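Engineer: Here it is: the structure, laid out below.
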2 protein chains.
Amino acid sequence: MTQTADTTGYKEIKQTVLDRIRSGQWLPDMLLPNEQDLAVEFSCTRTTVNRALRELAEEGFLERRRKAGTRVLSAPQRQARFTIPLVREEVEALGGTYRYALVSAQAEQAPDWLAARLALGSDRRVMHVRCMHFSDNTPFQFEDRWIVTASVPPVEQADFSTLGPNEWLIQTVPFTNVELSFLASRADAELAGFLDVTVGEPVFTAERITWLQGSPVTFAKMYFAAGYRMTTRF
Amino acid sequence: MTQTADTTGYKEIKQTVLDRIRSGQWLPDMLLPNEQDLAVEFSCTRTTVNRALRELAEEGFLERRRKAGTRVLSAPQRQARFTIPLVREEVEALGGTYRYALVSAQAEQAPDWLAARLALGSDRRVMHVRCMHFSDNTPFQFEDRWIVTASVPPVEQADFSTLGPNEWLIQTVPFTNVELSFLASRADAELAGFLDVTVGEPVFTAERITWLQGSPVTFAKMYFAAGYRMTTRF
DNA sequence: CGTCTCTTTTTGTGTAGACTTTAATTTTTT
DNA sequence: AAAAAATTAAAGTCTACACAAAAAGAGACG
């Protein structure tokens, strides 16, 4: 006989708690029993209950405060987790053959809007890289990127003719803070040419600012081909 | 040397591990010491090391496999976590005054594309609700939603004149699976009117399909006003 | 009445140890 | 040599207990 009869793992507890919320037994804003009482109910230790409830709080179902206890969140703060893939991986995951092409790469002074956006000081040297990512030779993404020279000095010697700036950066500047935005923009004449769409077409766009320990590293705009959608399930 | 005093919380361990990866002391693909050895190094128990490493793996920095050990991920799978807020809360968080207005609500048969999208069977009854969300009386979002009657029977009696369908659903159907997509669409004449933009304007759009234990509940398209961007930091 | 301090409840985190599960590795058998 | 079986190292989880830290609530005091 397997002992699984009364073994209440933290996963079972999580499931039971979710079921009770779903069934309405525990209503939004309701305070639920404290960990000790639940431990008795599930005949396990408080440690196990703690892990279950902690994870459910992490996942946005519960709110926990010392002394105040644990309560059901009225509007469960469901969070979508988008994995931000490398373009190459995204293309290959969709079954396409990835191809990279450099459009231009040149050292220049950051324009005012960029300097403001990145809070650059007096040193405005940046490397401006523009490139295309293809899937089966059809345009997939146009990338317009600026890399702050002062933050990544070797960028001046980098060769972007075969390796994309994003992959180069990942190898060079391993860990960073990121601000990522999604928006809809309009294809101007140049972008329309790159992405092979008509001028004025809506283009799904991602903007990404990256810092390394507080100092700005790069600003990138990524324009996706027509019909692109970013999807997640949870 | 500073053999780490006795203040080794799991958070400190996480930070130390991250620092070692950043500094290149632990390189991508490198196997790091097992939990027991790290516990000795940090002079704490394996439980504490386990929590630190488990969370770092959860956050996408490490990969852990029983018997195989823990290694540094070569391309850290950084995931963006977007909190999907209620429109009301989003508007209020931006400092605006929220206003809701129902455009239309009527029971109808799901069109073919919707039936296909939701994998509806023979019962195609849906409630089609269209509504506007305003911030300080300027259009913020136009919502076009279908709710599957068979999955949520009380929808036929629901009054959407003052309460938005999303908030109504949250109160009525507590827990669900969700597929969420972001894309850029083009404003047609009607949408342009609702959002007060010119026809053809790019519109940031979110699509959301919701299931309750496998059966489809609702499909919603949410069109955001010009200039909207969805932002996250990590 | 407000505000300050004290108590107490509840979660947060830690220790020490045990058993379980997975799967890489080694050994044995076919 | 290939396949099957045994070994074993590592993470995964649990128990049982302890103390820390936050903060709600109560009481004291001006």
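The values are calculated or read from the model by the stated rules, or taken from the named source; none is laboratory data. Just so it is clear, the model here is predicted, and its values are computed rather than measured. Reconstructed Cβ throughout: ideal geometry from the backbone, glycine too, with neighbour counts over all protein chains shown. Only protein heavy atoms, including side chains, enter the accessible area calculation; ligands, DNA and RNA are left aside. Shrake-Rupley method; radii C 1.70, N 1.55, O 1.52, S 1.80 Å.
Engineer: Once you average over the residues of B:178-189, how many Cβ atoms of partner chains fall within 10 Å of each Cβ?
Structural biologist: 6
Engineer: List, in order, the whole-Hz ³J(HN,Hα) value for each residue of region B:224-234 obtained from phi through the Karplus relation with A = 6.51, B = -1.76, C = 1.60 and θ = phi - 60°; use x for Gly and Pro.
Structural biologist: Working through the residues one at a time gives 9, 5, 4, x, 5, 9, 9, 10, 9, 10, 7 Hz.
Engineer: At a probe size of 1.4 Å, how large is the accessible area of A:Phe160, to the nearest 10 Å²?
Structural biologist: 10
Engineer: Using alpha carbons only, how many angstrom separate the centre of region B:133-186 from the centre of region A:120-166?
Structural biologist: One Cα centre to the other: 41 Å.
Engineer: Checking the table A:Lys11/B:Lys221; A:Lys221/B:Lys14; B:Lys14/B:Lys67; A:Lys11/B:Lys67 against a 24 Å threshold on Cα-Cα, which pairs fail?
Structural biologist: Result: A:Lys11/B:Lys221; A:Lys221/B:Lys14 exceed 24 Å.
Engineer: Ranked highest first by average number of other Cβ atoms within 10 Å, how do A:67-73, A:128-134 line up?
Structural biologist: A:128-134, A:67-73
Engineer: Let me ask another. If you take each beta carbon of peptide B:196-206 and count the beta carbons of other chains within 10 angstrom, what is the mean?
Structural biologist: Other-chain Cβ atoms within 10 Å of each residue's Cβ, averaged: 3.
Engineer: Here's something else I'd like to know. Averaged over its residues, how many other protein chain Cβ atoms are within 10 Å of peptide B:218-231's Cβ atoms?
Structural biologist: Rounded to a whole number, the mean comes out at 2.
Engineer: With a 1.4 Å probe and all protein chains kept in place, how do B:Glu58, B:Glu90 rank by accessible area, largest first?
Structural biologist: Descending order: B:Glu58, B:Glu90.
Engineer: Calculate for the protein assembly as shown the 222 nm mean residue ellipticity that helices alone would give, adding -39,500 (n - 2.57) per DSSP H run of length 4 or more and normalising by residue count, nearest 500 deg cm²/dmol.
Structural biologist: -7500 deg cm²/dmol
Engineer: Where q = 0.13 Å⁻¹, what log10 of I(q)/I(0) comes from the Debye formula for the protein assembly as shown, counting one point per Cα?
Structural biologist: -1.40
Engineer: Also, quick follow-up: Hey, any idea what % of the protein assembly as shown's accessible area is carbon plus sulfur with a 1.4 Å probe?
Structural biologist: Reported share for carbon and sulfur atoms: 50 percent.
Engineer: Here's another thing I want to ask about it. Mind listing the phi-derived Karplus ³J(HN,Hα) values for region B:40-51, rounded to whole Hz, using 6.51, -1.76 and 1.60 with θ = phi - 60°, and x for any glycine or proline?
Structural biologist: 5, 4, 8, 6, 8, 8, 4, 3, 5, 4, 4, 5
Engineer: Ranked from highest to lowest mean number of other Cβ atoms within 10 Å per residue, what is the order of the peptides A:180-193, A:11-24?
Structural biologist: My ranking of the peptides, most packed first, is A:180-193, A:11-24.
Engineer: Moving to a separate point now. With the other protein chains left in place, how much accessible area per residue, in square angstrom, belongs to chain A at a 1.4 angstrom probe?
Structural biologist: Per residue, chain A has an accessible area of 50 Å².
Engineer: I've got another one for you. Can you pull the percent of Cα pairs in chain A with separation above 21 Å?
Structural biologist: 67
Engineer: Further question: Report the B-A buried area as the accessible area lost on both sides summed, probe 1.4 Å, in Å² to the nearest 100.
Structural biologist: Chains B and A together bury roughly 4400 Å² of accessible area.
Engineer: Amide H of B:Val203 versus every other amide H placed in the peptide plane: which residues, excluding those fewer than 5 positions away on the same chain, fall under 5 Å?
Structural biologist: B:Ser185, B:Arg186, B:Ala187
Engineer: In whole Hz, with x marking every Gly and Pro, tabulate ³J(HN,Hα) for region A:193-198 from phi via Karplus 6.51 cos²θ - 1.76 cosθ + 1.60, θ = phi - 60°.
Structural biologist: Using θ = phi - 60°, the values come out as x, 4, 8, 6, 10, 7 Hz.
Engineer: So, one more: Contact order normalised by length for region B:10-72, with contacts defined as Cα pairs under 8 Å and 6 or more residues apart; what percent is it?
Structural biologist: 40
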